[in-house]
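Novice: Got a structure here, written out as structure tokens. Questions coming.
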Amino acid sequence: MNYNQLILMASDLGHLLLSSGAEIYRVEESVGYLLRAYGVETGEFAIPNCIFVTITTPEGETITKIRRVHRRANNLDRVDRANDLCRRICREKPPVETAAEEIRGIASRPVYGVWTQTVAFCLVSFFFTLFWGGVLADAVCSVVCSICMKGILLLNARLKAYDFLTNLMASAAAALIATSAVSLGLAVHYDKIIIGALMTLVPGITITTFMRDIMAGDLVAGLQRLTESLLVATAIALGVGLVLMAPRLLWGV
């Protein structure tokens, strides 16, 4: 058994789960089950942006691997496939090289393309605007807002801008388009347009995940994700607030 390859394979699995938005307890349990299936003593600790894995070989040697997670996104398809692979590895115990290759295969699975993501943004904005009481013209305007917001998100991702700045710019753009459309008579309710468009930025999965982490006893991870959620909410509020307050501050309107 090559224990260096084994711990590298296990840390790859944990990194894959963390970067795909999995809960902390799921990451730690998956890595622990996988290593114990190969007959080694293990200790693992994870927070949303880092995972520590330690194994003790039958000869008494201790090996530790630390992996940093720089970018995270919610990809439930990868989480589901990684969970299924972990169970299969624990059951079948394939060669370490084979298991590592399958993990790399899941990590390299393609995500939805830009056009598909943009269409999803438009549909979410359109129907949420109608749900919150907007008229058809408001829903169409929210689609324009969502297209502009998606463009800002893609541009800032390419420039590697801070998430706080990205969310602030996207929400401000949505508010500016909504208020301008109402002023020009192209829409009726700017508040319904803004709310519908901003539903694409609300960190719903992150909020759910930090609650599960806290209830599972992973307080550090839960508080970190809570802070992330509050920063997103603050950026959204600032972006919209600045646009809505600008006419009063500049012209007293």
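Novice: If contacts are Cα pairs under 8 angstrom and at least 6 residues apart, what is the relative contact order of region 124-212 in percent?
Specialist: 43 percent
Novice: While we're looking at this one, here's another question. Once every DSSP H run of n ≥ 4 in the chain is given -39500 (n - 2.57) and the sum is divided by its residues, what mean residue ellipticity at 222 nm do you get, rounded to the nearest 500 deg cm²/dmol?
Specialist: Mean residue ellipticity at 222 nm (helix-derived): -23500 deg cm²/dmol.
Novice: Here's a follow-up. If I require 27 Å or longer along the helix axis, counting alpha carbons, and a Kyte-Doolittle average no lower than 0.0, what helices from the chain are left? Use full DSSP H segments. Can you show the working numbers first?
Specialist: On the way: long enough: 136-159 (35 Å, 1.58); 163-183 (30 Å, 1.27); 219-251 (47 Å, 1.46).
Span-like helices here: 136-159, 163-183, 219-251.
Novice: What longest region of the chain stays clear of GluC sites (Glu not before Pro) that DSSP places outside H, G, I, E and B and that have at most 11 other Cβ atoms within 10 Å?
Specialist: That gives 62-253 as the longest site-free run.
Novice: Still on this structure, please answer the following. Taking every pair of distinct Cα atoms and averaging 1/r, then inverting, what Kirkwood hydrodynamic radius in Å comes out for region 29-136?
Specialist: Answer for region 29-136: a Kirkwood hydrodynamic radius of 17.1 Å.
Novice: Just reorder 215, 199 by solvent-accessible area, largest first, 1.4 Å probe, all chains present.
Specialist: On the way: 215 145, 199 60 Å².
Ranked from most to least accessible, the order is 215, 199.
Novice: Test of the criteria: in region 18-115, which trypsin sites (Lys or Arg not before Pro) are in a DSSP loop and have at most 16 other Cβ atoms within 10 angstrom of their Cβ?
Specialist: Working: sites: 26, 36, 65, 67, 68, 71, 72, 78, 81, 87, 88, 91, 104; in loops: 71, 72.
Answer by residue number: 71, 72.
Novice: Another question, then. List the relative contact order of the chain as a percent without decimals, with contacts defined as Cα pairs under 8 Å and 6+ residues apart.
Specialist: 17 percent
Novice: Hand me the trypsin sites (Lys or Arg not before Pro) from region 111-175 located in a DSSP loop with no more than 15 other Cβ atoms within 10 Å, in residue order please. Don't jump to the answer; show the numbers that get you there.
Specialist: Numbers: sites: 150, 158, 160; in loops: 160.
Of the trypsin sites (Lys or Arg not before Pro), the ones in loops of region 111-175 whose Cβ has at most 15 other Cβ atoms within 10 Å are 160.
Novice: While we're here: How far apart, in nm, are the 7 Å Cα→Cβ label points at residue 1 and residue 127?
Specialist: That separation, rounded to one decimal, is 4.9 nm.
Novice: How much accessible area per residue does the chain have, counting only protein heavy atoms and a probe of 1.4 Å, in square angstrom? Don't skip to the answer; put the middle values down first.
Specialist: Numbers: 13760 Å² over 253 residues.
With the other protein chains kept in place, the chain gives 54 Å² per residue.
Novice: Limiting things to C-alpha atoms, what are the Rg and the maximum Cα-Cα separation (Dmax) for region 88-162, in angstroms?
Specialist: Considering region 88-162 through its Cα atoms, Rg and Dmax are 20.0, 59 Å.
Novice: Given the alpha-carbon gyration tensor of the chain, what are the semi-axes of its equivalent ellipsoid in whole angstrom, ordered largest first, with each equal to the square root of 5 times an eigenvalue?
Specialist: One finds semi-axes of 45, 18, 14 Å for the chain.
Novice: Can you give me the pair-distance distribution of region 139-237, C-alpha pairs, 10 Å bins, whole percents?
Specialist: Each 10 Å bin holds this share of Cα pairs: 16, 39, 28, 13, 3, 0.
Novice: While we're here: Which percent of the accessible area of region 140-253 is formed by carbon and sulfur heavy atoms (probe 1.4 angstrom)? Mind dumping the intermediate values first?
Specialist: Working: 4620 of 6290 Å².
Summing carbon and sulfur atoms, their accessible area is 73 percent of the total for region 140-253.
The values are calculated or read from the model by the stated rules, or taken from the named source; none is laboratory data. Since this is a predicted model, take the numbers as computed values, not measurements. For neighbour counting, all protein chains shown are included, and Cβ atoms are generated from backbone atoms with ideal geometry for every residue, glycine included. With ligands, DNA and RNA removed, areas are computed over all heavy atoms of the protein, side chains included. Shrake-Rupley method; radii C 1.70, N 1.55, O 1.52, S 1.80 Å.
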